[in-house]
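In what follows, a structure is listed as structure tokens, so that the remarks can point back to it.
The numbers here are math on the coordinates, done by the rules we state, and not lab data. Predicted, not measured: the structure shown is a model, and the values here were computed from it. Cβ placement follows ideal geometry from the backbone for every residue including glycine, while neighbour counts extend to all protein chains displayed.
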Amino acid sequence: MATPLLDDPPVPALKAQDPPQNGTAVPVSNVTPIPSTTVFPAPKETVTAVPVPSHSAAVTVLIVYGANQEHIVQLVAEVLGKPWTTETSLETLEGGDAVVGILERDLSRSLQTAKRKRSSLIVVNTYCVENGSAPDDTLTERCDYEFLYSRSPFLRRDLSRFLSLILGQTRPHDDLRTKTRTNFISTTFPDVHAALPNLDILSVGSDAVEIRVDLLVEPAVGPAAPVPSLKYVGQQLMLLRQHTELPIIFTVRCTRENGKFPMDDPALFYKYLRRAIQWGVEYIDVELWLPEEIRRQLAEKKGHSVILSAFHDFSGTWKWTSEEAQRIFTESAKYADIVKMIAMVHTIEENYELEYFRSTIKSRGPGPLLSAVNMGQMGQLSRALNTVFSPITHPLLPMIAAPGQLTAAEINEALHIMGQLPKRDLYAIGSFRSTPHSMFMEKCLNELGLPHHFSSIDRGPKGSVESVIMQPQFGGAYVNPPVASTTSYIPAVSDAARAIGLVDTIAMTSTPEPLAKSRFIGENAAWKGIRATLTREYVPSAYQNRAAIILAGSEADASAAIFALRSLNVGAIYTVGFKASGPLAAGLEPFTSIQSVKLVEQPFVIVSALPPEKSLLVQPLLRHYGANGRSSPPSTCGKVYLDLTSGPRKGDPLGVATGAGWTAYGFEDVTAWTTVETLRLLVGQNVPFDFVRMASGRPLF
Ligand SMILES: O=C1C[C@@](O)(C(=O)O)C[C@@H](O)[C@@H]1O
């Protein structure tokens, strides 16, 4: 980290009840200073680890902002659901679970005299890049993180994603590391603008997007610079992040490994990669040839970013069976969460050798994941067999990032031919024949090169679904409307589906028979769609201990929302229109009369799952609890309205909510997120939200 802003206070200014940092933050005194080495001119910094607060830790987020940019402090506070204030000096800084803004120039002045440091303080430099300028390097280096922004419709969403990551509240890698197969698309654009029109389709089948920083070409008036400036890279990254919800992999590839970054100055790599951590990038690619001091420092300061170590061998003489291969893995594993090893090969046998190498690494037991593929046409087999972060390309990219790269569809086709991905019959089971939604599903299967067959069937008379499920080719289904989780023909259900009481997806289990209790498991995708919608513009902890109101015609209509809200640790949940008795009923408080409305504190979130003909009943509540000022202190009234009513409705609850200052989301958003989850469950592939939303237009499907 940067020069410490403040030393530990002699008398803590934080509240006495502040919880410790859950063991994750490294106290400054525990960090060994990095010795200078002759190989690598160590970056001129005092070494401290980036504070890694736990989900619920009370942290003060210090927002450094530029002149006339105070609104960003308020926005951060809203997204975090915390109170905010501004200070003109660090000396007077009170601790506590709050957002504090400080003008850039006040901070600089204050730094000359400030002497204290708190580990529960996170310092975020914010900078509006609209006029093409860049933040002051020295200031950035003194902060823990930096948020670059422009006033676009994506600002709030981008901010929420950034804050969720740096505070460790969303950990995309936790999901991805357990997925059976993961891919990332290696974009090769000199300018991210060129990628934007096709980004949705480009990233179908990808779990992450790689930005090849070394391939970016900064527009230059004079002779082209050898590397794109940090200013340009920051703007490009911001642009990419605004246009994809997928995690980003930040790669600076050197000339020896098929990239463009010169290798004479390792400190330059450090500077870019360190900055990527400060920008809250999810994955950082750190090349193994870099001096150990650099790799170690990056690992120490990675915060919640994940480190992919990268090693490429282009010699054509690489041997996966050599001791060198084992040594490279061991060395890479020292500072990495994922070890990437890639070699140019000329024979098919070298793919078998790689598979053997993979098995030896697996047999070592716990350790970083291995992502290993061969380059060149002969190495393509290994690209299909690798399951961890396989680099993929797409016909719409200007060039492939490495020889022999395949598309997601080509990998799936290859797996199918090799018998690794048998054709399955997938179904939409419901009270309909063919819907635009199932046509969309078919389109996704095509785009992904999957061999499966998709059809829509009516739920029909009793017993008809069972007969479909029992067929040997049956490979999964989504069920709309959902069925009870106790349905006899679904012998195993997930914990979420059991608690919610409903199954909307029947997915194949990954455990092979006869070990698995059943070939299939009943899942609930809807609650994940609801949670993803709720956390798009607010970090998860913004919901913690806040009141919620749910309106619905029945408990079944409300249960996925209750489960999603509970996963966000909301406080009291008040119910209107139904009485709950299922597994989620405990702690729900029914609204019985108009008196209840008076008693309830300001709710942070209202969800309506009312039937269409009753949909307007939520409007008086939306008006009553409408935003009464978004300023702070003392109030932190960011409020979310989620409308789960589908079909032709009475009134305009979304319009009323927006007019009354709520952040409002409709059924279409939730359905799109739910579709993303359904596809993950059914075919194990990622189809990004933006693609689903784009393909569906409005109304959805
Ligand atoms: O490391 C890798 C893998 C890669 O080199 C490949 O072989 O596909 C492509 C690069 O963009 C990426 O950073």
### Query
Over the stretch 425-523, what lengths in whole Å, largest first, do the semi-axes of the equivalent ellipsoid take, defined as the square roots of 5 times the eigenvalues of the alpha-carbon gyration tensor?
21, 17, 13
#### Entry: Cβ-based net charge around A526, under 12 Å, with every Lys or Arg adding one and every Asp or Glu removing one
-2
### Task
Would you calculate, for the chain, the mean residue ellipticity at 222 nm contributed by helices, counting each DSSP H stretch of 4 or more residues as -39,500 (n - 2.57) and dividing by all residues, to the nearest 500?
-8500 deg cm²/dmol
### Task
Taking the Cα atoms of the stretch 529-665, report the difference between the largest and smallest coordinate on each principal axis, in whole Å and largest first.
39, 33, 31
### Message
Nearest 5 percent is fine: what portion of the DSSP beta bridges confined to the chain is antiparallel?
### Response
10 percent
### Nearest-20 debye value, the chain charge dipole, Cβ charges on Lys, Arg, Asp, Glu
1180 debye
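Order these by the 10 Å Cβ neighbour count, fewest first: W84, W673.
With the sparsest Cβ surroundings first, the list reads W84, W673.
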### Cβ-based charge dipole, the stretch 530-616, positive-most Cα from L568, A586, L551
L568
### Task
Net charge near D337: determine it from the other residues with C-beta under 13 Å of the C-beta of D337, scoring Lys and Arg +1 and Asp and Glu -1.
+3
### Net charge contributed by nearby residues that have their C-beta within less than 15 Å of I166 (K/R +1, D/E -1)
+4
### Task
Could you tell me which of P403, H312, G66 has its Cα farthest along the dipole of the chain towards the positive end, charges placed at Cβ (Lys, Arg +1; Asp, Glu -1), taken about the Cα centre?
G66
### Query
So what's the stretch 72-228 giving for Rg/Rh, alpha carbon basis, Kirkwood Rh from the mean inverse pair distance?
1.01
### Task
Averaging sequence separations of C-alpha pairs under 8 Å and six or more residues apart, then dividing by the length of the chain, give the relative contact order as a whole percent.
11 percent
### Summary
Computed for the stretch 121-192: size of charge dipole around the Cα centre, +1 on C-beta of each Lys and Arg, -1 on C-beta of each Asp and Glu, debye to nearest 20, value 520 debye
### Query
Rounded if a/c is under 1.5, else prolate if a/b is larger than b/c, else oblate: which is the chain, with a ≥ b ≥ c the root eigenvalues of its Cα gyration tensor?
oblate
